[in-house]
Amino acid sequence: LSLAQAQAAATLIALTGGNVISGDRLTDLDASRLAILQKIYPSAGQAARPVDLFDTDVHRIFAMTLQRPFGKWTIVGFFNPEGTVVEQVMPLERLWLDPTKSYIAYDFWQEQLLGVFEREVRVQTPPTSVTLLALHESRGVPQVISTDRHVLQGALELADVRWDAETETVSGFSLGPVGSAHHVIIYSPEPHPWVQGRHALYH
């Protein structure tokens with residue numbers, strides 16, 4: 001499998017929410033493919049649903065709503081088994097989202113912000129690959145929208161996330177195995193001075 005195909009296969013397995021078993025000889029995997037496996041373990045125990053169930057015989061769009069004490073977001077996988085780029089569109093209400101609100105979309109595998117969507121989500125998925133999005137309601141303040149630790153982007157590794165309007169501070173706890181590290185992605189609707197530890201970064 002190409003790297004994109006491996007990401008798609010792993011994503012589909014992970015979105016079932018069931019047992020994850022790899023038949024790969026782990027010592028033979030290169031770093032990029034080993035990283036794919038790391039991003040789907042452990043299983044979340046929650047399954048996505050095919051939101052295009054009655055649209056086509058080949059289901060290509062799977063979604064789930066994740067609810068945690070610190071927030072609620074939606075994970076959507078747009079799969080493209082074709083040999084050409086495919087544009088896929090899904091109205092927000094079919095993803096159980098409020099069509100009167102706007103949603104921030106972050107692409108997990110490409111590690112990029114797709115933008116803020118209203119009324120519908122529109123993506124262009126490359127051949128034989130998947131576009132895996134986290135959708136967060138835009139609240140108009142800096143907010144955590146993803147991590148690169150797990151395909152569910154915060155469901156397993158984030159323990160708490162908070163925005164303090166008075167101090168203009170994002171805080172929280174992110175968990176992981178001893179000796180490991182991962183990135184937490186924060187969306188800012190407008191330029192903010194950014195301070196992490198003793199270092200100040202401005203963007």
>> Give all pairs with beta carbons closer than 8 Å in which a residue from region 46-75 that is under 18 Å from Glu120 (Cβ atoms) meets a residue that is polar (S, T, N, Q) and surrounded by 19 or more Cβ atoms within 10 Å (Cβ to Cβ); count only pairs at least 6 apart in sequence or on separate chains.
In response: Arg60/Asn80; Ala63/Thr74; Thr65/Thr74; Trp73/Gln153; Ile75/Gln153
>> Given the options Leu156, Leu152, Leu135, name the one that is closer than 19 Å to Ala47 by Cα, of a type in the set (A, V, I, L, M, F, W, C) and open to solvent by 20 Å² or more (accessible area, probe 1.4 Å).
In response: Leu156
>> Suppose we filter region 18-48 for residues that are farther than 20 Å from Gln67 by Cα and in contact with a Ser or Thr (Cβ under 7 Å, 6 or more places away or on another chain); how many remain?
In response: 3
> So which strands (runs of 3 or more DSSP E) stay within region 89-190 end to end and still have 1 or more residues that are in contact with a helix residue (DSSP H, G or I) (Cβ under 8 Å, 6 or more places away or on another chain)?
Replying inline: 102-107, 112-118, 120-125, 129-137
>> Quick check on region 71-98: of everything there that is of a type in the set (S, T, N, Q) and open to solvent by 10 Å² or more (accessible area, probe 1.4 Å), which residue is nearest to the chain's Cα centre (by Cα)?
In response: Gln88
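For (1) modelled with pLDDT under 90; (2) within 28 Å of Glu118 (Cα to Cα); (3) not acidic (Asp, Glu), each residue gets a yes or a no:
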residue: Glu137; (1), (2), (3): no, yes, no
residue: Val141; (1), (2), (3): no, yes, yes
residue: Val144; (1), (2), (3): no, yes, yes
residue: Leu152; (1), (2), (3): no, yes, yes
residue: Arg162; (1), (2), (3): no, yes, yes
residue: Trp194; (1), (2), (3): yes, yes, yes
residue: Leu201; (1), (2), (3): yes, no, yes
>> Tell me yes or no: at least one residue of region 40-51 is among the charged types (D, E, K, R), surrounded by 13 or more Cβ atoms within 10 Å (Cβ to Cβ), out of contact with any strand residue (DSSP E or B) (no Cβ under 6 Å at 6 or more places or on another chain) and modelled with pLDDT under 95.
In response: no
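The values are calculated or read from the model by the stated rules, or taken from the named source; none is laboratory data. These numbers come from a predicted model, not from an experiment. Reconstructed Cβ throughout: ideal geometry from the backbone, glycine too, with neighbour counts over all protein chains shown. To get the accessible areas, we keep the full protein, side chains included, count just its heavy atoms, and leave off ligands, DNA and RNA. Shrake-Rupley method; radii C 1.70, N 1.55, O 1.52, S 1.80 Å.
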